[in-house]
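The values are calculated or read from the model by the stated rules, or taken from the named source; none is laboratory data. This one's a predicted model, so the numbers in the text were calculated from it and none came from an experiment. Cβ placement follows ideal geometry from the backbone for every residue including glycine, while neighbour counts extend to all protein chains displayed. All accessible areas refer to the heavy atoms of the entire protein, side chains included, with ligands and DNA or RNA removed. Shrake-Rupley method; radii C 1.70, N 1.55, O 1.52, S 1.80 Å.
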Amino acid sequence: MHPTMTKHFILLMAGLVWGLTALAQQQGKQPNIVIIISDDHAFQAISAYGGNLMQTPNIDRIAKGGAVLNRGYVTNSICGPSRAVILTGKYSHKNGFKDNENSSFDGSQNTFIKELRKGGYQTAWIGKWHLETEPQGFDYWQVLPGQGQYYNPDFQMMDGTQKTVAGYVTNVTEDLAEQWLDRRNTDKPFCLVIGQKATHRVWLPDTADFGMFDKKTFPVPDTYYDSYAGRKAAQVQEMSVAEDMIMGYDLKMYPDYDSIREGSVRRMSPTQKAQFDAYYKPIYQDLKSRNLTGRELAEWKYQRYMRDYLSTAASLDRNIGRTLDYLEQHGLAENTLVVYMSDQGFFLGEHGWFDKRFMYEESFRTPLLVRYPGVIKPGTKSDHFVMNLDIAPTMLDAAGVAIPRDMQGASMLPVLTDKNAKGRDALYYHYYENGEHAVSPHFGIKTDRYKLIRFYKRVESWELYDLQKDPRELHNLYGRKGYEKITARLRKQLEGLVDKYDDQGAHELMEKKIADNASL
Ligand code: SGN
Ligand code: CA
């Protein structure tokens, strides 16, 4: 061989060997991924977040072995939109799924799942999906149609059929997830998303958990009787426990237990229905005998809400424990990245509310925990601002797969592993739906200390909060004397974010003038 050719040959061979080694190393390191996404689960109800409403020993296991993100937020606090953001790593105005009422997900667009699959992963989504169109980019999926049902749920199958699976939805979803893990191709790393319906309305617990909190009286939140003074949007919402929570549908108080027309109850088997009646009927009879009104009734409703909600969450936590046990029992725990999160936060009586949507802390913030053995130090507590927008890039980062440039989030791994890493200094939020629960569309910015919100469509107003002085967000300072400078600064910063994320709709609204004291 000619000497130059030999040199080239050696270089080529060396390059090939290096390339293969790099690939092998990368594959050796590529973690499996399990993401558990629940629905409407409030951080206030999780003991790892310091909540003392109940204990969540299994979510706490993730915290002990990994990181609790104290400042995990969503870009748009509602179900379908949040899942679309998680999948695409893009804000709602970019991925097209702005609200539950008028959007349907364009499944042909890119997602982190598709990128992982190209990078050698096997992918599956099992359980609640709620994106209207069929999942795309998965090796396997089996999803609840729409919101799904708590008892004996139907599932949409990949072959176009529907299948009813007997049992309680949280257990069933976990069973199906484990069955998929049992039969997966063990030559490849996997990414499995477990979509739990719990703890969505109507907070229907597993029969095994009926009554587990009946001996407990929960402290009524000190903002339960909020007057909404100075906050126009809060004045027109329809998500008050006292006013809007329905006695039959939500709280299971039916005058006639033999002929309940509600779907969730009608689906029960005779045995399940007998247990349902045996638990709720005496509560109804007791309530009837007491003739409660006013604050007494409002507080009775709050206690019932808490008891059902937390009992529903108990099964969720137990089934998260089953996922973790499965990983341990199959020697997968050390090489599997586990994420637990909700699609958003939830009001547990704060401001007198249930539901979410508002950019106020309880619904804007979501529980978010990440366990990644060997990478994230056990017991990490992070106060960096992170968002559901960051899930897609984070998973790709962990898998060593390139992050597409048009994803708008950032990998969380730097801020979770490096003390000196600098994360975001502000969060951008935009909620669009203008329907059920009457929450006005709004967008805004949150910084370390302040929050500035612009409501539009249903009400036109601005709100400003000093979170240091007013963490419960009761005093709207917008337009108040002395706050001109900070308002101007936040407006500018908000404008910067609107432009950064290219939110044209918000951009136009920023320009529109409304009376400065429109909210007061
Ligand atoms: C349903 C619920 C609402 C809830 C939305 C959105 N009503 O419409 O209370 O806000 O879902 O929830 S219900 O009577 O049908 O339960 S989300 O989880 O999909 O965002
Ligand atoms: Ca939800």
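Go through the stretch 235-254 and give me each residue that's surrounded by 14 or more Cβ atoms within 10 Å (Cβ to Cβ) and assigned to a loop (DSSP other than H, G, I, E, B).
Selection gives 237, 239, 245, 247, 248, 249, 250, 251, 252, 253, 254.
Right, residue 263: in contact (Cβ under 8 Å) with a residue 60 or more places away in the chain and small (Gly, Ala, Ser) or not?
yes
Report, by residue number, each residue of the stretch 46-59 that is of a type outside the set (A, V, I, L, M, F, W, C) and surrounded by 24 or more Cβ atoms within 10 Å (Cβ to Cβ). Spell out the reasoning first.
Kept after step one, since they are of a type outside the set (A, V, I, L, M, F, W, C), are these residues of the stretch 46-59: 47, 49-52, 55-58.
Once the filter is applied, which keeps residues that are of a type outside the set (A, V, I, L, M, F, W, C) and surrounded by 24 or more Cβ atoms within 10 Å (Cβ to Cβ), the stretch 46-59 yields only 56.
Please count how many residues of the stretch 195-215 are more than 16 Å from ligand 1 (Cβ to nearest atom) and touching a residue at least 40 places away in the same chain (Cβ under 8 Å).
So the count comes out to 9.
Among the numbered criteria (1) touching a strand residue (DSSP E or B) at 6+ places or on another chain (Cβ under 6 Å); (2) in contact (Cβ under 8 Å) with a residue 24 or more places away in the chain; (3) open to solvent by 10 Å² or more (accessible area, probe 1.4 Å), which one does residue 133 miss?
With (1) touching a strand residue (DSSP E or B) at 6+ places or on another chain (Cβ under 6 Å); (2) in contact (Cβ under 8 Å) with a residue 24 or more places away in the chain; (3) open to solvent by 10 Å² or more (accessible area, probe 1.4 Å) applied to residue 133, the lone miss is (1).
I'm trying to understand the selection: among the residues of the stretch 153-183, which are within 16 Å of ligand 2 (Cβ to nearest atom) and either farther than 16 Å from residue 315 by Cβ or out of contact with any Pro (no Cβ under 9 Å at 6 or more places or on another chain) (or both)?
170
Give the residues of the stretch 169-179 that are open to solvent by less than 10 Å² (accessible area, probe 1.4 Å) and not acidic (Asp, Glu), sorted by residue number. Steps first, answer last, please.
First, the residues of the stretch 169-179 that are open to solvent by less than 10 Å² (accessible area, probe 1.4 Å): 169-170, 172-174, 177.
Matches in the stretch 169-179: 169, 170, 172, 173, 177.
Could you list all residues from the stretch 335-353 that are among the acidic types (Asp, Glu) and away from ligand 2 (no atom under 14 Å from the Cβ)?
350
For every residue, the table says whether it meets (1) modelled with pLDDT of 95 or more; (2) open to solvent by 10 Å² or more (accessible area, probe 1.4 Å); (3) under 21 Å from residue 432 (Cβ atoms); (4) of a type in the set (Phe, Trp, Tyr).
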site: 80; (1), (2), (3), (4): yes, no, yes, no
site: 87; (1), (2), (3), (4): yes, no, yes, no
site: 92; (1), (2), (3), (4): yes, no, yes, no
site: 118; (1), (2), (3), (4): yes, yes, no, no
site: 126; (1), (2), (3), (4): yes, no, no, no
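Just one of the numbered conditions (1) outside any helix (DSSP H, G or I); (2) under 25 Å from the mean Cα position of the chain (by Cα); (3) of a type in the set (A, V, I, L, M) is not true of residue 477; which one?
Condition not satisfied by residue 477: (2).
Let me confirm something: among 410, 402, which residue is part of a loop (DSSP other than H, G, I, E, B), under 21 Å from the mean Cα position of the chain (by Cα) and among the hydrophobic types (A, V, I, L, M, F, W, C)? Spell out the reasoning first.
Values: 402 fails: under 21 Å from the mean Cα position of the chain (by Cα).
Of 410, 402, the one residue that is part of a loop (DSSP other than H, G, I, E, B), under 21 Å from the mean Cα position of the chain (by Cα) and among the hydrophobic types (A, V, I, L, M, F, W, C) is 410.
Using the structure shown, decide if residue 47 is among the hydroxyl-bearing types (Ser, Thr, Tyr), under 29 Å from residue 80 (Cα atoms), within 16 Å of ligand 2 (Cβ to nearest atom) and at pLDDT 95 or above.
On the way: among the hydroxyl-bearing types (Ser, Thr, Tyr): yes; under 29 Å from residue 80 (Cα atoms): yes; within 16 Å of ligand 2 (Cβ to nearest atom): no; at pLDDT 95 or above: yes.
Against the criterion (among the hydroxyl-bearing types (Ser, Thr, Tyr), under 29 Å from residue 80 (Cα atoms), within 16 Å of ligand 2 (Cβ to nearest atom) and at pLDDT 95 or above), residue 47 does not qualify.
Hey, does the stretch 437-453 have a residue that's part of a helix (DSSP H, G or I) and within 20 Å of residue 82 (Cα to Cα)?
yes
For the stretch 101-112, indicate whether the set of residues that are in a helix (DSSP H, G or I), open to solvent by less than 10 Å² (accessible area, probe 1.4 Å) and of a type outside the set (D, E, K, R) is non-empty.
Yes: one or more hits.
Conditions (1) within 26 Å of residue 111 (Cα to Cα); (2) among the hydroxyl-bearing types (Ser, Thr, Tyr); (3) touching a strand residue (DSSP E or B) at 6+ places or on another chain (Cβ under 9 Å); (4) assigned to a loop (DSSP other than H, G, I, E, B), marked per residue:
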site	(1), (2), (3), (4)
337	yes, no, yes, no
345	yes, no, yes, yes
348	no, no, no, yes
357	yes, no, yes, yes
376	yes, no, yes, yes
384	yes, no, yes, yes
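Looking at 257, 279, 225, which one is more than 25 Å from the chain's Cα centre (by Cα) and open to solvent by 70 Å² or more (accessible area, probe 1.4 Å)? So that I can check it myself, show each step before the final result.
Details: 257 fails: open to solvent by 70 Å² or more (accessible area, probe 1.4 Å); 279 fails: open to solvent by 70 Å² or more (accessible area, probe 1.4 Å).
None of the other options fit; the residue is 225.
Picking from 332, 297, which residue would you name as being more than 16 Å from ligand 2 (Cβ to nearest atom), free of Cβ contacts under 8 Å to residues at least 60 places away in the same chain and open to solvent by 10 Å² or more (accessible area, probe 1.4 Å)?
297
Six or more apart or on different chains, Cβ atoms under 6 Å: show the pairs whose first residue is in the stretch 216-241 and outside the structural domain of residue 360 (by TED's automatic domain parsing) and modelled with pLDDT under 95 and whose second is open to solvent by 10 Å² or more (accessible area, probe 1.4 Å) and hydroxyl-bearing (Ser, Thr, Tyr).
Within 6 Å, no pair qualifies.
All but one of (1) more than 16 Å from ligand 1 (Cβ to nearest atom); (2) in contact with a Pro (Cβ under 8 Å, 6 or more places away or on another chain) hold for residue 349; state the number of the condition that does not hold.
(1)
Counting only residues that are part of a strand (DSSP E or B) and more than 16 Å from ligand 2 (Cβ to nearest atom), which one in the stretch 184-202 is farthest from residue 127 (Cα to Cα)?
190
Kindly indicate which of 356, 377 is more than 16 Å from ligand 2 (Cβ to nearest atom) and at pLDDT 95 or above.
Checking each option against the conditions leaves just 377.
If the requirement is being of a type in the set (Lys, Arg) and in contact with a helix residue (DSSP H, G or I) (Cβ under 7 Å, 6 or more places away or on another chain), which of these qualifies: 288, 301, 281?
301
Go through (1) within 16 Å of ligand 2 (Cβ to nearest atom); (2) in contact with a Lys or Arg (Cβ under 6 Å, 6 or more places away or on another chain); (3) farther than 30 Å from residue 443 by Cβ one by one and return the number of the condition residue 150 breaks.
(2)
Any chance the stretch 60-78 includes a residue that's within 16 Å of ligand 2 (Cβ to nearest atom) and open to solvent by 10 Å² or more (accessible area, probe 1.4 Å)?
No, that holds for no residue.
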